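Computed from the coordinates by the stated procedures, all read-outs in this text should not be read as laboratory data. Remember, predicted model here, so these are calculated numbers, not experimental data. Reconstructed Cβ throughout: ideal geometry from the backbone, glycine too, with neighbour counts over all protein chains shown.
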Amino acid sequence: MCADLRGQVINGYEFQTSIGMGGYGLVYRALQSGINREVAIKMILPDYAAHESFRQRFDQEARLVATLEHPYVVPLYDYWQDDNGAFLVMRYLRGGSMRARLRQGNPLSLEEVNHLLGQAGDALATAHLAGVVHRDFKPDNLLLDERGNVYLSDFGIAKDLNLDLQLTKSGIVGSPAYLSPEQVLRQGVTPASDIYCLGITVFELLTGQHPFFGTSASGMFNKHIKDPVPSVMMTRPSLPPAVDYVIQKATAKNPTQRYRSVYDLRDALQAVI
């Protein structure tokens, strides 16, 4: 179990409420009392913090986010490790996540998806140019501010292709619902893997449901490897048919048959609009 830090003050941060939990950590809303700034603090769970490989991965996240300077990458303010674990202090975004919006039954319009690709998509493309593959692009990791701007977050399991620290040799890393076929088969990860995740995410944002909805984790693995993504027209027939081509190309089983970059995918969707 993770210790409850609500009400505690650590390194000048007053931990207030828990706002989320991921695979490796808990996220708190906190107040940086010295400058009266609200922040989000991601803490690695103690069970993982005891393992050096996980601490290295957390350290890698801090270094990656710090080097990826982009207006729509959630900025990193502070970072430390102590006996309680490891902590990342980041901007607190009050608009919630795309996942929260989908749970309200509000799929996006084509124009809104295009807006997302122009912000969080551009952030992902910038990461690729820096040699970094996110490996977990999904609605949960797309955060919103009060004005509707979309930010890319959570590089905790990203892989820096320039460093290749080999921190995840022993298992598959990523969310089963968004894994590319090559990730499932452990055949190596490239920016094309993120293009696949992006295609799955576009389908979900436009329809409000995952293309392989209701499938177990093992079933997801099998479908990612063998089954094409269903036609988006089956769920939302009012969309232009060309949208289906964009999604099918982005989620091709063979990485070489996908779009070569996030920009190519974005341009294809803009052409449809």
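Using the empirical formula 2.2 N^0.38 Å as the baseline, the Cα radius of gyration of the range 191-273 reaches a ratio of 1.04. Restricting to the chain, compute how many DSSP beta bridges are antiparallel as a %, nearest 5. Percent antiparallel among DSSP bridges in the chain is about 95.
Relative to the longest principal axis of the Cα atoms of the chain, the long axis of helix 191-207 lies at roughly 80 degrees. For the range 182-273, a simple Cβ point-charge model (Lys and Arg +1, Asp and Glu -1, everything else neutral) yields a dipole of about 160 debye relative to the Cα centre. Sparsely packed loop sites in the range 1-110 (the trypsin sites (Lys or Arg not before Pro) outside DSSP H, G, I, E and B with at most 14 other Cβ atoms within 10 Å) comprise 6, 94. Under 5 Å from the amide H of residue 10 lie the amide H atoms of 15, each residue being 5 or more positions distant or on a separate chain, with H modelled from the backbone and absent for Pro and chain starts.
When only the Cβ of Lys, Arg, Asp and Glu is charged (+1, +1, -1, -1), the dipole of the chain relative to its Cα centre reaches about 620 debye. If you line up the long axis of helix 217-226 against the longest principal axis of the chain, both from Cα atoms, how many degrees apart are they, to the nearest 10? Helix 217-226 and the main axis of the chain meet at about 40 degrees. Cβ-Cβ distance of residue 238 and residue 50, R₀ of 35 Å, FRET efficiency by 1/(1 + (r/R0)^6): the value works out to about 0.10.
Each of the peptides 139-147, 191-199 was scored by the mean count of other Cβ atoms within 10 Å over its residues; in descending order, highest first, they stand as 191-199, 139-147.
Here the dipole of the range 9-91 is about 220 debye; that uses its Cα centre as origin and unit charges on the Cβ of Lys and Arg (positive) and Asp and Glu (negative). Considering only alpha-carbon pairs that sit under 8 angstrom and 6 or more positions apart, the relative contact order computed for the chain is 14 percent.
Here the range 9-91 is treated as a sphere whose radius is the Kirkwood value from Cα pairs; by Stokes-Einstein at 4 °C and 1.567 mPa s it diffuses with a coefficient of 99 µm²/s. For a modelled paramagnetic label at residue 9, 7 Å from Cα along Cα-to-Cβ, the residues of the range 33-53 in reach, with backbone nitrogen under 14 Å, are 33-37. All C-alpha to C-alpha distances of the range 98-272, sorted into 10 Å bins beginning at zero, yield P(r) values of 10, 42, 38, 10, 0 percent in whole numbers. With everything on Cα atoms, drop me the angle between helix 52-67 and the longest principal axis of the chain, reported from 0 to 90° to the nearest 10. Rounded to the nearest ten degrees, it is 70.
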